[in-house]
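Read through the structure below, which is laid out as structure tokens, and then see the notes.
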Amino acid sequence: MDDPLDVTPDRLAGTWHIVCSSFPMWQGDRRTEATFTYTPLRSGGPGDQTMTDVVAYRTRSGRRRRIVGVDTRLATRPGSVYRWRGRGVLSVLSSEWEVAETGPDDAWAVVLFSRSLVTPAGADVVVRADRIEDAAVLEEARAVGRRHHAPPVS
């Protein structure tokens, strides 16, 4: 059996484009150009395991929207499992997600998310912003998306 992935906030830092998803919010043309941006939070101690999580997307009317939360790694769970908690009016919402797979040089990643109060379980395949123009990376990420039943999104 493979060892669980060790994907820390530092390893996730940066912007990722959602290229495949089974999440209904990203299907169709109501919300497009979706990204996740992770920024590790520093409390001053070694092994910090929290990060801000900003989801950005464009609405059909062209407006940019953001959903802001904080992710905390669940260190007692094997693998790279995080709990997201919303900020502001979304602070009552939380969900769990994990990085299940990564590509070479972390060019892409598979994020599996659990069902929550307001979302179904599913999968996103994301590609780092600095690799989004790389056709080979995109093709590999889309193939992984097919394997996880996560269709391409716009």
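Computed from the coordinates by the stated procedures, all read-outs in this text should not be read as laboratory data. These figures come from a predicted structure and were not determined experimentally.
Helical runs (DSSP H, four residues minimum) scored at -39500 (n - 2.57) apiece and divided by the length of the chain put the mean residue ellipticity at 222 nm at -3000 deg cm²/dmol.
Across the chain, Cα-Cα distances exceeding 21 Å account for 43% of all pairs.
The string of couplings for segment 7-19 from the Karplus curve (6.51, -1.76, 1.60, θ = phi - 60°) is 10, 7, x, 4, 5, 7, 3, x, 9, 10, 8, 7, 10 Hz, one whole number per residue in order, with x for Gly and Pro.
Quick check: residue separation of Thr50 and Ala121 times 0.36 nm, minus the Cα distance between them. What number comes out in nm? Please report the intermediate quantities before stating the final value.
Numbers: separation 71, 0.36 × 71 = 25.56 nm, distance 2.23 nm.
23.3 nm is the gain from fully extending Thr50 to Ala121.
Per residue, the average separation of C-alpha pairs within less than 8 Å and at least 6 apart gives the chain a relative contact order of 25 percent. Relative to its Kirkwood radius, the Cα radius of gyration of segment 1-41 gives an Rg/Rh of 1.10.
Compute for segment 71-111: radius of gyration divided by Kirkwood radius, i.e. Rg/Rh, restricted to C-alpha atoms, rounded to two decimals. Kindly include the intermediate steps, with their values, before the conclusion.
Values: Rg = 12.4 Å, Rh = 11.4 Å.
In segment 71-111, Rg relative to Rh is 1.08.
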